[in-house]
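Values in this text are rule-based calculations from the coordinates and carry no lab data. Since the structure is predicted, the reported quantities are computational estimates derived from the model, not experimental observations. Cβ placement follows ideal geometry from the backbone for every residue including glycine, while neighbour counts extend to all protein chains displayed.
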Ligand SMILES: NC(=O)c1ccc[n+]([C@@H]2O[C@H](COP(=O)([O-])OP(=O)(O)OC[C@H]3O[C@@H](n4cnc5c(N)ncnc54)[C@H](O)[C@@H]3O)[C@@H](O)[C@H]2O)c1
């Protein structure tokens, strides 16, 4: 029995409002303190959700009722806040992306390991009922050998991103939508398809008053999995309606994650079956898992290393887009073709003869 675990929230912006609303459904979680460097945000959170405002960051970090800290701030502040929390003896849940740079992410993972604190990264979309069901279907063997994973997560966001927002700043949010949305699918595809050995990518630049100073409005990555399978991740802030999909194709059939709750399964006979698996809300599930890990000291499913690997895929794609080359992220592709073709080599030459893309727009 976990009982109710007291948590503090740092960062009370857009996403924290969603998390705070859903935290009410989490039976094992109590938000006992909340802080934002913008006092207006803290006032709104107190009014909307009754979150008890902490007088200062130090007061929240030193509050004995706070056993874990939810870091829901802009990406570049994740590391200093996680460090402050771990030094105060608190366990940490940090939103995705774990950090905007590999160095910061690696420091956070090392800190968790040296202090023995729990570090969990908010990769909630792998916990959606549809992605969990896709994983079950792949593991059941129903699709045969999986050959490709094609994932997209986009929505029109240009009206909500202001030019002075951290999302519009390539230094604080490298890759823009690929880092914010695409990273969900980097985690999902690593979860579904295993390690990724190489990435190439390109970025989409369109004129927009919101995204100045070289920020991308979208991007697409091509992945080579160690298994020999291939994949893509596409994300942008300039298309409608919102899409969150993963098409998984195997030798015996295919399954498409249509959104967080629905899938379409097709087999060789072309029969079509829509599936609507039941399951808890993904944010409620991750909050409850964080509380359980605080009590049990077990590693969370999406610990710091998992968050680091998802970040590695996205940043490799950005490096590729900027340098016009393939970036190797892990072990060589296994010597066995995924299907029909020969495995991709270090030069990426088996990837359909596709030119390594450069910057678009
Ligand atoms: N899991 C998801 O699906 C999901 C969805 C949206 C956002 N996010 C993540 O949540 C985080 C926040 O995103 P958002 O959309 O809420 O951003 P936001 O800009 O709306 O809110 C961020 C808040 O953090 C506060 N803040 C920044 N630095 C701080 C500091 N050092 N101390 C205290 N407060 C500080 C800001 O004042 C602001 O109120 C990001 O890392 C983002 O990637 C996750």
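Considering only residues in the stretch 1-20 that are out of contact with any strand residue (DSSP E or B) (no Cβ under 9 Å at 6 or more places or on another chain) and within 13 Å of the ligand (Cβ to nearest atom), the one that is farthest from residue 55 (Cα to Cα) turns out to be 18. Take the residues in the stretch 28-58 that are in a helix (DSSP H, G or I) and away from the ligand (no atom under 11 Å from the Cβ); name whichever of them is surrounded by the fewest Cβ atoms within 10 Å (Cβ to Cβ). Within the stretch 28-58, the match that is surrounded by the fewest Cβ atoms within 10 Å (Cβ to Cβ) is 47.
Within the stretch 87-120, which residues are more than 14 Å from the ligand (Cβ to nearest atom) and in contact with a strand residue (DSSP E or B) (Cβ under 6 Å, 6 or more places away or on another chain)? Across the stretch 87-120, the qualifying residues are 90, 91, 112, 117, 118, 119. Looking only at the stretch 18-56, residues that are over 26 Å from the mean Cα position of the chain (by Cα) and under 17 Å from residue 84 (Cβ atoms) come to 3 in all. Considering the stretch 59-69, the residues that are closer than 16 Å to residue 11 by Cβ and out of contact with any helix residue (DSSP H, G or I) (no Cβ under 7 Å at 6 or more places or on another chain) include one that is nearest to the ligand (Cβ to nearest atom), namely 60.
Any residue at all in the stretch 153-162 that's assigned to a helix (DSSP H, G or I) and out of contact with any helix residue (DSSP H, G or I) (no Cβ under 8 Å at 6 or more places or on another chain)? Scanning the stretch 153-162, I find no residue that is assigned to a helix (DSSP H, G or I) and out of contact with any helix residue (DSSP H, G or I) (no Cβ under 8 Å at 6 or more places or on another chain), so the answer is no.
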